[in-house]
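Structure, as structure tokens:
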Amino acid sequence: MTAVKKHGLLAGLLIVALGAGIGLGVMQQNGSLQRGFDTLTIKLFGQYMPEFSLSDLKGELRSSSEWQDNVVVLNFWATWCPPCTAEMPMFDALQDEYEEAGVKFVGIAIDNQADIETFITEKEIGYEILMGNPDSMTLSKSLGNKNGGLPFTAVFDRAGKLVATVVGEVPRERLNNLLAVLTSS
């Protein structure tokens, strides 16, 4: 490799590293990226929420366009997934706390309807639950859930842009801080 190619390669790597550092700094500065959220999907941040429609537990078709102009916490979960069910009461409480500020929690259940209905009734979960279908995990993967793990949570700002993701149980303090930032403007 010639000296010119080496310097060009080094300069290119430096620019990429600097750009990534600046991007992370900006996101950390405004509070939208915090420790505990998946930094591996940083390249996805800024993408818009895809259009999709799924049925709710009453069989009515619901569309992602219904949540326009809201902060949306989109959570993929299943009743057989202990971390999924552990975080749902926290999501329910935060939905109540931030509802007037325009936050919408939406659960996409990757499970059978009877188990979902039993769980929702027993745990008194009040935020919107939609029935997943075979395309739901494709949607999850398009948002950065490369291995299809559950739970998976994606947070979108009022403009519909992806601002944070996490595979696994969401830390309450981190989500609360993020919601406070997203609803303060």
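The values are calculated or read from the model by the stated rules, or taken from the named source; none is laboratory data. Values in this document were obtained by computation on a predicted structure and should not be read as measured data. All Cβ positions, even for glycine, are placed from backbone atoms using ideal geometry, and neighbour counts span all protein chains on display. Surface accessibility is based on the protein's heavy atoms, side chains included, excluding ligands, DNA and RNA. Shrake-Rupley method; radii C 1.70, N 1.55, O 1.52, S 1.80 Å.
See the values below:
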{"read-out": "Residue satisfying condition, being among the charged types (D, E, K, R), surrounded by 13 or more Cβ atoms within 10 Å (Cβ to Cβ) and at negative phi, within set Glu122, Glu169", "value": "Glu169"}
{"read-out": "Identity of the residue in region 39-63, surrounded by 19 or more Cβ atoms within 10 Å (Cβ to Cβ) and farther than 23 Å from Ser184 by Cα, that ends up modelled with the highest pLDDT", "value": "Leu54"}
{"read-out": "Residue satisfying all of: in region 139-152; under 14 Å from the mean Cα position of the chain (by Cα) and open to solvent by 80 Å² or more (accessible area, probe 1.4 Å); nearest to Asp96 (Cα to Cα) among these", "value": "Lys141"}
{"read-out": "Members of region 43-69 found to be touching a Gly at 6+ places or on another chain (Cβ under 6 Å) and part of a strand (DSSP E or B), listed by number", "value": "Tyr48"}
{"read-out": "Qualifying residue in region 153-161 (condition: at pLDDT 95 or above, surrounded by 14 or more Cβ atoms within 10 Å (Cβ to Cβ), among the aliphatic types (A, V, I, L, M) and touching a strand residue (DSSP E or B) at 6+ places or on another chain (Cβ under 6 Å))", "value": "yes"}
{"read-out": "Some residue of region 101-114 being open to solvent by 60 Å² or more (accessible area, probe 1.4 Å) and either touching a residue at least 40 places away in the same chain (Cβ under 8 Å) or touching a Ser or Thr at 6+ places or on another chain (Cβ under 6 Å) (or both)", "value": "yes"}
{"read-out": "Sole exception among (1) open to solvent by 10 Å² or more (accessible area, probe 1.4 Å); (2) within 15 Å of the chain's Cα centre (by Cα); (3) modelled with pLDDT of 95 or more for Phe76, by number", "value": "(1)"}
